[in-house]
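Notes for the one structure printed next.
The values are calculated or read from the model by the stated rules, or taken from the named source; none is laboratory data. None of the values given here were measured: they were computed from a predicted structure. Note that each Cβ is placed from the backbone with ideal geometry, even for glycine, and that neighbours are counted across all protein chains shown. For the accessible areas, the whole protein counts, side chains as well, though only heavy atoms, and no ligand, DNA or RNA atoms are used. Shrake-Rupley method; radii C 1.70, N 1.55, O 1.52, S 1.80 Å.
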Amino acid sequence: MNDLEILYLDDECVAVNKPPDLLVHRSFVATREKENVVRTLHRQLGQRVFTVHRLDRATSGVLIFGLNAEAAHLLTTQFERREVKKTYMAIVRGYTEDSGTIDLPLKEPYDRIATPAETTENKPAQEAITDFETVVRSELPLSAGRYPTSRYSFVRVTPHTGRRHQIRRHFKHASHPIVGDIKHGDNHVNQLIEREFGIRRLLLVASELSIRHPVTNELMNLSAAPGDSFGRALDHLKLGNCQ
């Protein structure tokens, strides 16, 4: 696998631009996958990296790691205390409101082969809050099944909690599923985008991360380019650019 794009690197931490369709680390749900971000960074940097937070396999964007246990602990604590600002870019189905908040508690997905601590089928839903702001909307003369045209919105998203698949599940609940989302999305729209434009990925990017350095306490504003496929999607769907 090619080297990862390094967004920030010093003796304490490293931030990379994670590509889509790459696991952060080894997973029991994808035992045949040999490549992941942790393994690639270990090879690329020649040292161990410590996981601080995660992105879904299908999501691309900013991902930060500690380069020692203490730095990783200090970074992780900021996520746990909700002191980190995370901004995502997404392309969704339909016309979203100018701005809004999705406040919907989410249950941890039940999985029979997960570790025992995660297999409580009746685990209560946990608080989950997502803010969004619409950047631009478009309508194309392409049918995704029911209507002769299809509508899309380019949104900036700020999650205030970090539940699994939170943004994807929240926008599905709001009837604006993210384009390219196989699990929570609209298969008719996904097939249309792939057929017409050759784009087959989740159109969700962790574009910005603001977090304090684990040693100096200085605020680090990290940003990642969304990549060619996301840029092409914006262009084909007449949603401008990601600036």
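Figures for the structure shown
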item	result
Where a residue in region 147-162 is free of Cβ contacts under 8 Å to residues at least 24 places away in the same chain and its partner, wherever it lies, is open to solvent by less than 30 Å² (accessible area, probe 1.4 Å) and part of a strand (DSSP E or B), with Cβ under 6 Å and at least six apart	none
Among the candidates GLY185, GLY227, GLY231, GLY198, residue that is in contact with a helix residue (DSSP H, G or I) (Cβ under 8 Å, 6 or more places away or on another chain) and of a type in the set (Gly, Ala, Ser)	GLY185
Evaluation of ASP228 against (1) closer than 30 Å to THR76 by Cβ; (2) out of contact with any Ser or Thr (no Cβ under 6 Å at 6 or more places or on another chain) (one fails), failing number	(1)
Filter pass, GLU208 being within 27 Å of LYS107 (Cα to Cα) and either in contact with a Cys (Cβ under 9 Å, 6 or more places away or on another chain) or among the charged types (D, E, K, R) (or both)	yes
Count of residues meeting criterion [free of Cβ contacts under 8 Å to residues at least 24 places away in the same chain and assigned to a helix (DSSP H, G or I)] in region 167-190	3
Complete set of residues in region 36-54 that are open to solvent by 50 Å² or more (accessible area, probe 1.4 Å), assigned to a loop (DSSP other than H, G, I, E, B) and at pLDDT 95 or above	GLY46, GLN47, ARG48
Tally, over region 73-95, of residues that are within 21 Å of LEU202 (Cβ to Cβ), of a type outside the set (Gly, Ala, Ser) and under 19 Å from the mean Cα position of the chain (by Cα)	7
Answer from VAL84, VAL136, VAL189 - the residue that is modelled with pLDDT of 95 or more and closer than 22 Å to LEU55 by Cα	VAL84
Top-ranked residue in region 192-203 [being without any contact (Cβ under 8 Å) to a residue 24 or more places away in the chain and assigned to a helix (DSSP H, G or I); ranked as farthest from GLY231 (Cα to Cα)]	ARG195
Selection count, region 192-243, where residues are of a type in the set (Lys, Arg) and over 21 Å from the mean Cα position of the chain (by Cα)	2
One residue from LEU74, LEU63 being open to solvent by less than 60 Å² (accessible area, probe 1.4 Å) and of a type in the set (A, V, I, L, M)	LEU63
Residues that are among the basic types (Lys, Arg), open to solvent by 80 Å² or more (accessible area, probe 1.4 Å) and under 22 Å from GLU5 (Cα atoms), drawn from region 186-243	ARG200, ARG212, ARG232
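Residue by residue, here is whether (1) of a type in the set (D, E, K, R); (2) at pLDDT below 95; (3) surrounded by 14 or more Cβ atoms within 10 Å (Cβ to Cβ) holds:
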| site | (1), (2), (3) |
| --- | --- |
| GLU108 | yes, yes, yes |
| ASP111 | yes, yes, no |
| THR119 | no, yes, no |
| ARG146 | yes, yes, no |
